[in-house]
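Computed from the coordinates by the stated procedures, all read-outs in this text should not be read as laboratory data. From a predicted model like this one, the values you see are computed outputs, not experimental measurements. Neighbour counts are summed over all protein chains in view; Cβ atoms, including those assigned to glycine, are modelled from backbone coordinates with ideal geometry.
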């Protein structure tokens, strides 16, 4: 083997090593769920969303009713809950995560929890009530009339399904972001701004009196 062939072989080896390393990094183990609201919810740092600890908080209902009920629920004083999103990036392409890997699976919240984090009806982790049935997503199925079909997700098989929206299905509530992060009230910002202003004025007066 001459030097040119050796260099080509070395280059190929390095490329293969890089691809293998990149694959391992891309499929690194997901970060662990974090308890919130005294155990009433769990924050998922991988998706930056918070799951209700009880997947059975709402009884089975139609898609429209579950969407409305989710928006009116308060858990630990926190409102703004919703159904899981099956198309986070809004490209109208719902990913079947069993073959998509982490990068594609992030686009489907319940599927990521199932396929990448191992949360299933057989292994529910901290979610002890998870049933092997279909749970509504917030994502409608648009190739058909948008007011008829929606996606749901089966916690027993890990498959997204399309179903008529008047069917009665479960709803697992989720909240965008980390509910454990308490926003600073507007009044506090105003108080802080006012205090800063007073300090500036006082400092100027002190300077003026010393000159």
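The base-10 log of I(q)/I(0) for the stretch 41-199, evaluated at q = 0.10, 0.12, 0.18 Å⁻¹, reads -0.39, -0.53, -1.06 [Debye formula, identical scatterers on Cα atoms, solvent excluded]. Taking a ≥ b ≥ c as the square roots of the eigenvalues of the alpha carbon gyration tensor, the stretch 21-106 is oblate, as a/c is not under 1.5 and a/b does not beat b/c.
Between residue 159 and residue 103, what length comes free when the chain is fully extended (0.36 nm per residue of separation minus the Cα-Cα distance, one decimal in nm)?
Net length gain for the segment: 18.4 nm.
All distinct Cα pairs of the stretch 65-107 go into the 1/r average, and the inverse of that average, the Kirkwood radius, is 12.2 Å. What FRET efficiency would be calculated for the residue pair residue 28, residue 74, taking the C-beta separation as r and a Förster radius of 35 Å, to the nearest 0.05? That gives a FRET efficiency of 0.50.
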